[in-house]
Amino acid sequence: MVGIIMGSKSDLNVMQEAAKVLEQFEIPFEITVVSAHRTPERMFDYAKNAAGRGIRVIIAGAGGAAHLPGMVASITPLPVIGVPVKSSNSIDGWDSILSILQMPNGVPVATVALNAAQNAGILAAQIIASGDKEMLKKMIVFKEGLKNKVLDSIDEVEKFSSK
């Protein structure tokens with residue numbers, strides 16, 4: 001199971017993209033709001049108890065100061081994937097990117113691109129696939145599909161060549 005958490009409901013439009021990927025791979029998940037600044041006790045409890053509840057990976061999205069992924073990573077032994085979210089009061093998203101990316105030694109957060117919850121979902125599936133043969137097969141099929149999509153587009157693009 002994957003836990004998807006976000007700093008506020010306003011992050012849902014971005015974070016639901018991770019849920020869509022997990023549904024595609026048939027990976028169970030839970031999704032909720034856990035604010036590092038407004039509900040720190042809830043954040044602490046979530047991070048501390050996630051592994052015992054069967055969570056294998058946590059995807060944490062936040063904008064602005066974006067302390068949620070790092071604080072959760074400081075508490076849980078599980079892998080944490082941080083999704084920087086461009087919020088309405090953001091500095092073009094750089095504030096959340098740097099808050100999640102610049103973690104101290106010993107507290108890693110795997111950080112995806114700005115608003116890239118889809119990639120966070122894929123990375124969570126890959127982490128799970130590293131210890132699950134059936135999920136690994138699904139990931140191989142997914143990657144093959146990406147390759148075929150590019151190969152299928154070659155003729156369409158090359159017809160614009162001036163030969």
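Filtering the stretch 1-25 down to residues that are in a helix (DSSP H, G or I) and under 16 Å from residue 50 (Cβ atoms), which residue is nearest to the chain's Cα centre (by Cα)? Of everything passing the filter in the stretch 1-25, 18 is nearest to the chain's Cα centre (by Cα).
Is it the case that residue 129 is within 20 Å of residue 15 (Cβ to Cβ), out of contact with any Ser or Thr (no Cβ under 6 Å at 6 or more places or on another chain) and of a type outside the set (D, E, K, R)? Judged against the criteria, residue 129 is not a match.
Counting the residues of the stretch 24-51 that are of a type outside the set (Phe, Trp, Tyr) and either modelled with pLDDT under 95 or within 22 Å of residue 10 (Cβ to Cβ) (or both) gives 15. Selection of first residues in the stretch 98-113 that are within 16 Å of residue 124 (Cβ to Cβ) and of second residues that are of a type outside the set (Gly, Ala, Ser) and assigned to a loop (DSSP other than H, G, I, E, B), restricted to Cβ pairs under 6 Å at least 6 apart or on distinct chains, gives the following pairs, ordered by first then second residue: 100/109; 109/103. Within the stretch 1-44, the set of residues being among the polar types (S, T, N, Q), within 14 Å of residue 59 (Cβ to Cβ) and without any contact (Cβ under 8 Å) to a residue 40 or more places away in the chain comprises just one member, 32. Just so you know, in the stretch 28-44 the residues that are assigned to a loop (DSSP other than H, G, I, E, B) and touching a helix residue (DSSP H, G or I) at 6+ places or on another chain (Cβ under 6 Å) include one that is nearest to residue 117 (Cα to Cα), and it is 34.
Yes/no matrix, rows are residues, columns are (1) closer than 23 Å to residue 46 by Cα; (2) in contact with a Lys or Arg (Cβ under 8 Å, 6 or more places away or on another chain):
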{"site": "62", "(1), (2)": "yes, no"}
{"site": "76", "(1), (2)": "yes, yes"}
{"site": "80", "(1), (2)": "yes, no"}
{"site": "84", "(1), (2)": "yes, no"}
{"site": "91", "(1), (2)": "no, no"}
{"site": "95", "(1), (2)": "no, no"}
{"site": "108", "(1), (2)": "yes, no"}
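The values are calculated or read from the model by the stated rules, or taken from the named source; none is laboratory data. Here the structure is a predicted model, which is why all the values come from computation and not from measurement. A quick note on method: Cβ atoms are made from the backbone with ideal geometry, for glycine too, and the neighbour counts reach across all protein chains shown.
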